[in-house]
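Step one of this worksheet: look at the structure below.
Please treat every number below as a calculation from the coordinates, not as lab data. Computed from a predicted structure; not experimentally measured. Cβ atoms come from the backbone with ideal geometry, glycine included; neighbour counts cover every protein chain shown.
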Amino acid sequence: MKKIKSISLGALVMLVALSLLVACGENSNNKAESSQKFEAPTRGAWIGNTWTSDYLGFSLTLPTAWVASSDADIAEALNISAETIEALGMMLPEYIPFLTDMMAVNYLTGAFVQISFERLNPLIAGATSEEYTELTAQTIEMLNGTAYRGLAPIQIGNYMWERLNTRVDLGDGTIMYGNHLFNVIDDLVRMIVISCPVGHSTGYDILNSID
């Protein structure tokens, strides 16, 4: 249970950082990317240890020692109820304050991967993927973390993703490295967060498992 709680804390730190971004973001007059037609997201599904999202256009097969999180596991990590996750899923076409599509963890190392959707706060409505990534970097730095910019965008599945690497001290002696990928179209943020404690590279084998 102690390992589970430590992994949950790492996930929550990343989520709090992104929540602060939405609350503290500045106004942007730029239009969101519109080269792709907006499509309301649908959650992916697990078959065995492979998660597939028709909406995002890719599959992810868990490497050895990784475990898929159930909605109950996700609810515990985020300190919300499983019913809330189900209700948010039903609201996908209309409004998404924040919804975790999937999560998986490596209990041996504390690494995790999380794929989520989020509506932009009106304060930063119209932000592009690049602008959102920069605001995330600024928020991480506000939390005394380090953000590594300048990574080239990458095509994964149906979308082009901006990338940001981070380093965050959780304050209990644990330092988490993060690999964040963002796509913003029509004020909907698609995000992939892969994080692992310093000294472990197992978080990044997830990227190699995407098909």
Going by C-beta contacts inside 10 Å, put GLU162, GLU141, GLU134 in order with the fewest on the left.
GLU141, GLU134, GLU162
In what order do THR174, THR100 fall by count of nearby beta-carbon atoms within 10 Å, going from fewest to most?
THR174, THR100
Per DSSP, the loop-located trypsin sites (Lys or Arg not before Pro) within region 106-180 having at most 10 other beta carbons within 10 Å are none
Where labels lie 7 Å past Cα in the beta-carbon direction, separation of GLU76 and ASP186 in nm
3.7
Give me the extension gain from LEU123 to ARG167: residue separation times 0.36 nm, minus the current Cα-Cα distance, reported in nm with one decimal.
13.2 nm
Spelling it out for ILE156: with amide H atoms placed in the peptide plane at 1.01 Å from N, the residues 5 or more places away or on another chain with amide H under 5 Å from its amide H are TRP161
Förster radius 30 Å - calculated FRET efficiency between LEU108 and ASN144 (Cβ-Cβ, nearest 0.05)
0.60
Net charge of Cβ neighbours under 11 Å - reference MET103; Lys, Arg +1; Asp, Glu -1:
-4
